[in-house]
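Visitor: One structure coming up, written as structure tokens, with questions to follow.
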Amino acid sequence: MTAADSRSLWRQRGRGRDPLTAETCPALATGVDFEPTGEGSVWLATVQGVPSARLSRAVVDLLTAMDGRTPVSALRVRFAPEATDESVLRLVERFRDNGLLAGGASRPPGRVAYRPPFTLQFATLRAPALFAHLDRLVVPVPRRAALAAVAAVLVAGAVAAILQAGDLRNVLTRPLPLTGFVVVVVALGLATLFHEAAHGLTLTRLGGRPRRAGFMLFYLTPAFFVDVTDGWRLADRRHRVAIALAGPAVHATAAAVAMLAALGLPASTARETLLLLAISCTVVVLVNLIPFVRFDGYIALMSALDEPNLRGRTVRDGAGFLARVLFGGPRQPQALERWWSVPFGLCCLIAPVVMVLFAVVRTAQLLAGGGPGASLVVLALESVVVVVGVALLVRALIRVRRSGVSRTRLVAVTAALAVGTVAAGILIPVPTAATLGYWVDDDRVVLVRGGADAGADIPDGARVILSTRGILANENRGEGRTAVRPAAEAEVPIEALYPVRVPGVTVAATAVAEVEVTGERSALPAAGQARVELGTTPLWHALWAAAVSPLATPTSEEERG
């Protein structure tokens with residue numbers, strides 16, 4: 001047995017499947033069919049009627065020859081005599097992963113489906129009839145006229161945004177009316193429903209059939225979805241791109257319309273609500289167009305390049321590059337023969353990490369100073385991220401080991417990286433700050449924490465930055481020095497602790513210090529966020545203090561005594 005055969009055996013045993021060797025006799029799975037696409041030699045492979053891959057005629061001939069009696073070695077001699085057994089085995093393994101061969105992937109998802117690590121879908125299988133009925137209800141509009149109208153609205157919305165730049169800044173950096181915030185959340189839910197409906201309706205109008213549609217929990221976030229995999233049956237790749245971009249076009253149009261409506265209103269809660277809706281829809285569009293995660297931008301790019309499973313193949317190339325550089329792994333043929341496959345795959349590996357960390361950090365900032373309850377939410381979120389991150393890291397190391405790298409080098413490099421990470425967390429000093437709320441009480445500026453009693457060690461004379469408390473950003477309005485006072489219970493405006501405002505509504509808090517403001521106080525809002533600079537501390541200590549320490553804060557005089 002060759003070294004390559006040994007690596008293949010290791011990979012297959014690790015996945016709980018029969019190992020693939022040159023003497024394996026693969027068989028086509030039940031329910032697999034091949035359909036011409038009308039694009040010359042390109043064929044579509046389907047599993048239980050669901051498109052799975054786009055193949056050349058030569059590959060279709062190879063698959064149809066897999067009858068369960070012919071070994072891989074004989075198939076190689078017949079169809080690819082210039083290839084090696086290892087390369088053909090990798091191809092067979094990919095076919096099995098796609099569900100084209102017996103013993104491969106499970107059947108296509110049905111009414112309830114789980115997609116690791118954190119996606120749970122609840123679907124109806126009557127989506128084809130549903131969207132066919134919807135297609136009959138929607139008045140057909142010439143494509144060019146529709147595109148021209150959407151383009152005109154988007155341009156007008158962009159002009160309106162420029163004219164309202166200052167107001168948009170205020171919406172981002174100041175507390176928002178709670179009623180407006182609730183309206184925006186509901187409107188975003190409806191916009192998401194129309195977003196997904198646009199995907200399905202566009203596919204239907206172009207001759208495809210949405211197979212499933214429904215509701216899902218996507219990384220614990222509720223959302224709608226429509227399965228448009230059938231779009232791969234369409235011969236014109238421009239149609240597949242149009243299906244992918246139909247959803248973002250809905251949010252972009254909603255943003256432009258909201259921006260134009262706000263332009264015609266005087267300063268009011270309604271205007272702030274419309275501006276927040278416009279900003280939120282714009283953010284949805286920008287996030288959706290990121291090509292490195294499985295959002296609409298990625299699907300549009302994949303369709304435009306006519307490269308199915310683009311992300312999976314480039315991630316495999318990027319991970320192989322890292323395994324080779326870090327662990328001395330064997331050089332593997334690229335899964336995608338493009339010069340940018342490796343950098344694109346590395347970006348696909350990094351982008352989800354950056355997005356998750358940004359979401360966690362911003363959530364922690366929004367809830368900072370909200371007391372033990374808010375800290376518990378942040379700690380739970382951080383714990384989920386850490387657990388999932390460790391699990392993914394362990395799986396990655398297992399894959400690296402199965403690729404044939406030296407066990408000694410794998411252990412040595414992993415240990416060196418772990419020791420380096422721990423040492424960096426101990427030795428690297430980072431600036432730290434306590435995030436609280438502040439409240440202007442007559443002539444005093446009082447620092448407060450959420451809860452009936454959430455006292456903490458605030459040093460006397462520490463520098464304090466006073467700012468607004470906005471949904472997406474804060475604006476510095478003043479600074480001063482702390483003057484520590486005995487902790488005392490207080491009722492403060494809600495915007496002192498959270499980025500929303502409700503006239504006349506107060507929340508329980510604990511006043512822990514006052515601020516001796518330096519400079520002009522006229523620009524200081526009545527309540528907002530305060531950051532007390534605490535000097536520097538090792539990275540690990542800073543993370544622990546931010547995530548865990550607030551939970552350990554005494555909550556009563558008896559506990560402190």
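Visitor: With respect to ALA160, determine if the residue is in contact with a helix residue (DSSP H, G or I) (Cβ under 7 Å, 6 or more places away or on another chain), within 30 Å of LEU206 (Cα to Cα) and modelled with pLDDT of 95 or more.
Guide: Taking the combined requirement at face value, the residue does not satisfy it.
Yes/no per residue for (1) crowded, with 17+ Cβ neighbours inside 10 Å; (2) hydrophobic (A, V, I, L, M, F, W, C); (3) at pLDDT below 95; (4) not assigned by TED's automatic domain parsing to the domain that holds ALA359:
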| position | (1), (2), (3), (4) |
| --- | --- |
| LEU188 | yes, yes, yes, yes |
| GLU196 | yes, no, yes, yes |
| LEU203 | yes, yes, yes, yes |
| ARG209 | yes, no, yes, yes |
| VAL226 | yes, yes, yes, yes |
| ARG233 | yes, no, yes, yes |
| ARG238 | no, no, yes, yes |
| ALA252 | yes, yes, no, yes |
| ALA258 | yes, yes, no, yes |
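Visitor: What are the residues in the stretch 113-133 that are within 28 Å of THR282 (Cα to Cα), exposed (fewer than 14 other Cβ atoms within 10 Å of the Cβ) and modelled with pLDDT of 85 or more, if any?
Guide: Across the stretch 113-133, the qualifying residue is only PHE122.
Visitor: Would a scan of the stretch 352-364 turn up a residue that is more than 30 Å from GLY200 (Cβ to Cβ), buried (at least 16 other Cβ atoms within 10 Å of the Cβ) and in contact with a Pro (Cβ under 8 Å, 6 or more places away or on another chain)?
Guide: no
Visitor: If a residue must be assigned to a helix (DSSP H, G or I), of a type in the set (A, V, I, L, M) and surrounded by fewer than 18 Cβ atoms within 10 Å (Cβ to Cβ), how many such residues does the stretch 262-275 contain?
Guide: The qualifying residues number 1.
Visitor: Restricting the first residue to the stretch 152-167 and requiring it to be farther than 9 Å from LEU263 by Cβ, which pairs with a second residue that is surrounded by fewer than 13 Cβ atoms within 10 Å (Cβ to Cβ) meet a Cβ separation below 9 Å and a spacing of at least six or different chains?
Guide: Final answer for the pair search is ASP167/ALA267.
Visitor: Return a yes/no flag: does the stretch 95-112 have any residue that is exposed (fewer than 13 other Cβ atoms within 10 Å of the Cβ), out of contact with any Phe, Trp or Tyr (no Cβ under 9 Å at 6 or more places or on another chain) and modelled with pLDDT of 75 or more.
Guide: no
Visitor: Additional query: Look through LEU286, LEU326 and report the one residue that is in a helix (DSSP H, G or I) and under 18 Å from the mean Cα position of the chain (by Cα).
Guide: Every option except LEU286 fails the conditions.
Visitor: Considering only residues that are assigned to a strand (DSSP E or B) and of a type in the set (A, V, I, L, M, F, W, C), which ones fall in the stretch 121-178?
Guide: PHE122, ALA123, LEU176
Visitor: When only residues in the stretch 520-555 that are at pLDDT 80 or above and of a type in the set (Gly, Ala, Ser) count, which is farthest from GLY470 (Cα to Cα)?
Guide: Top of the filtered list is GLY535.
Visitor: Let me ask something else about it. Out of the residues in the stretch 329-380 that are among the aromatic types (Phe, Trp, Tyr) and not in a helix (DSSP H, G or I), which is modelled with the lowest pLDDT? Give the steps one after another, and end with the answer.
Guide: Narrowing the stretch 329-380 to residues among the aromatic types (Phe, Trp, Tyr): 339-340, 344, 358.
Narrowing the set further to residues that are not in a helix (DSSP H, G or I) leaves 339-340.
Values: TRP339: 90, TRP340: 93.
Among those residues, the one meeting the criterion is TRP339.
Visitor: Across the stretch 55-104, what is the number of residues that are more than 15 Å from LEU44 (Cα to Cα), under 38 Å from the mean Cα position of the chain (by Cα) and in a helix (DSSP H, G or I)?
Guide: Final tally of qualifying residues: 11.
Visitor: Go through VAL419, VAL411, VAL386 for me and flag whichever is of a type outside the set (Lys, Arg), over 27 Å from VAL360 (Cα atoms) and out of contact with any strand residue (DSSP E or B) (no Cβ under 9 Å at 6 or more places or on another chain).
Guide: VAL411
Visitor: Name, by its number, the condition in (1) more than 19 Å from PRO175 (Cβ to Cβ); (2) modelled with pLDDT of 90 or more that does not hold for LEU447.
Guide: (1)
Visitor: Let me ask you something else. Among what's in the stretch 17-54 and is over 14 Å from ALA102 (Cα atoms) and assigned to a loop (DSSP other than H, G, I, E, B), pick the residue that is modelled with the lowest pLDDT.
Guide: Applying the filter and picking the extreme gives GLY40.
Visitor: Given the options ARG238, ARG233, ARG209, name the one that is touching a helix residue (DSSP H, G or I) at 6+ places or on another chain (Cβ under 6 Å) and of a type in the set (D, E, K, R).
Guide: Result of the check over ARG238, ARG233, ARG209: ARG209.
The values are calculated or read from the model by the stated rules, or taken from the named source; none is laboratory data. Please read these numbers as outputs of a predicted model, since none were measured by experiment. Using ideal geometry, Cβ is built from the backbone for each residue, glycine included, and neighbour counts are taken over all protein chains shown.
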